[in-house]
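The values are calculated or read from the model by the stated rules, or taken from the named source; none is laboratory data. Worth saying up front: this structure is predicted, and the values here are computed from it rather than measured. All Cβ positions, glycine included, derive from the backbone under ideal geometry; neighbour counts span all protein chains shown.
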Amino acid sequence: MTADARSHLPGLNPVTKLIVLVTISVFVLLASSPLTMLLIVASVLAAKQWFGTKGRFTKGVIGFASAIFIAQILFNHSGETMVSLWLISVTEGGVNSGVAIAGKFLSLIMMSWIFVATTRPSEFSSALICAKIPYRYAYLPALAMRFVPIFELELGSVREAQVVRGLKLDKSVRGLIRSAKYTVLPMFFLAMFKVNSLAASMTGRGFGASKERTLLHPKRLTRWDLALMLSTVGMVVVVLLIDRCQDWPPSIIY
């Protein structure tokens, strides 16, 4: 996550971004047209590039989505044959299902990452409290978001310590299994230690002693937030109706 990514949306309420994310995610799950899915993937990747959200797992997510697409082409032989090369036959159903499944996976992961990268945990918890969510629960997603970069740094430290002790790490399947075997347990103990420290710190500061909590910088919904939410819901409904009309009679893509 970068500070530049957060600066692109300075006045947007985090609750608004969450509702927009959920609405578009529902749209992604319900979209059935391959052309619509390709447009969604292109838009999500363009938004990710615009906000400058970079992460180490980005290449892994794109690679896994590509593997899903290739697997559908190789093993799904429904529909008319488009290309036939020796033992491999590419069918229309395989391509459509590959675009649908891989596109949904890639879009949902990338949109979630954009939300996390453009939202400060403190603003998110403040917005949830202003939306009448009890602050005991409003701080849970904020704490989870705050610990993501911390655990990423701790994971790097654990790996470097294991390498110093003679652990050989490579990009093969065996190397990945060995890396997970010798990093999961140390990360588990580090996570438990930080959780206990955080719980002791919150208890010492009187967290949960009162029913309400005063906010230093409240994040309330504005007219622009409501307009954005309504316009997003309306746009998604219209596009879904157009998408369903193009896919008539209805077809099921597995």
Checklist line | Evaluation of THR81 against (1) surrounded by 15 or more Cβ atoms within 10 Å (Cβ to Cβ); (2) assigned by TED's automatic domain parsing to the domain that holds PHE27 (one fails), failing number | finding: (1)
Note to self: When you scan region 31-44, do you find a residue that is within 14 Å of the chain's Cα centre (by Cα), under 24 Å from SER97 (Cα atoms), at pLDDT 80 or above and surrounded by 14 or more Cβ atoms within 10 Å (Cβ to Cβ), even just one?
What the structure shows: yes
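Residues are listed down the side, and each one gets a yes or a no for (1) small (Gly, Ala, Ser); (2) closer than 30 Å to ALA199 by Cβ:
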{"position": "ALA102", "(1), (2)": "yes, no"}
{"position": "LEU128", "(1), (2)": "no, yes"}
{"position": "TYR137", "(1), (2)": "no, yes"}
{"position": "VAL148", "(1), (2)": "no, yes"}
{"position": "ILE177", "(1), (2)": "no, no"}
Next item on the list: Quickly run through region 12-53 and pick out the residues that are among the small types (Gly, Ala, Ser) and assigned to a helix (DSSP H, G or I).
Entry: SER25, ALA42, SER43, ALA46, ALA47
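GLY103: without any contact (Cβ under 8 Å) to a residue 60 or more places away in the chain, in the same structural domain as ALA31 (by TED's automatic domain parsing), on the phi < 0 side of the Ramachandran plot and crowded, with 19+ Cβ neighbours inside 10 Å, yes or no?
no
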Note to self: Looking at region 137-155, I want the residues that are closer than 21 Å to VAL184 by Cβ and not assigned by TED's automatic domain parsing to the domain that holds MET187 and have a partner that is of a type in the set (A, V, I, L, M, F, W, C) and in a helix (DSSP H, G or I) with Cβ atoms under 6 Å, at least 6 apart or on another chain. Which pairs are those?
What the structure shows: none
Notebook entry, point to check: Restricting attention to region 45-69, and to residues there that are modelled with pLDDT under 85 and polar (S, T, N, Q), which single residue is surrounded by the most Cβ atoms within 10 Å (Cβ to Cβ)?
Noted result: THR53
Margin query: Out of GLY94, GLY98, I need the residue that is at pLDDT 85 or above, under 24 Å from PHE27 (Cα atoms) and surrounded by 15 or more Cβ atoms within 10 Å (Cβ to Cβ). Which one?
Written below: GLY98
Next item on the list: Give me the pairs, please: first residue somewhere in region 37-65 and farther than 13 Å from PHE105 by Cβ, second residue anywhere and modelled with pLDDT under 80 and of a type in the set (Ser, Thr, Tyr), beta-carbon distance under 6 Å, and either six or more positions apart or on two chains.
Entry: GLY52/THR2
Next item on the list: Can you give me the number of residues within region 164-186 that are surrounded by 13 or more Cβ atoms within 10 Å (Cβ to Cβ) and modelled with pLDDT of 75 or more?
Entry: 3
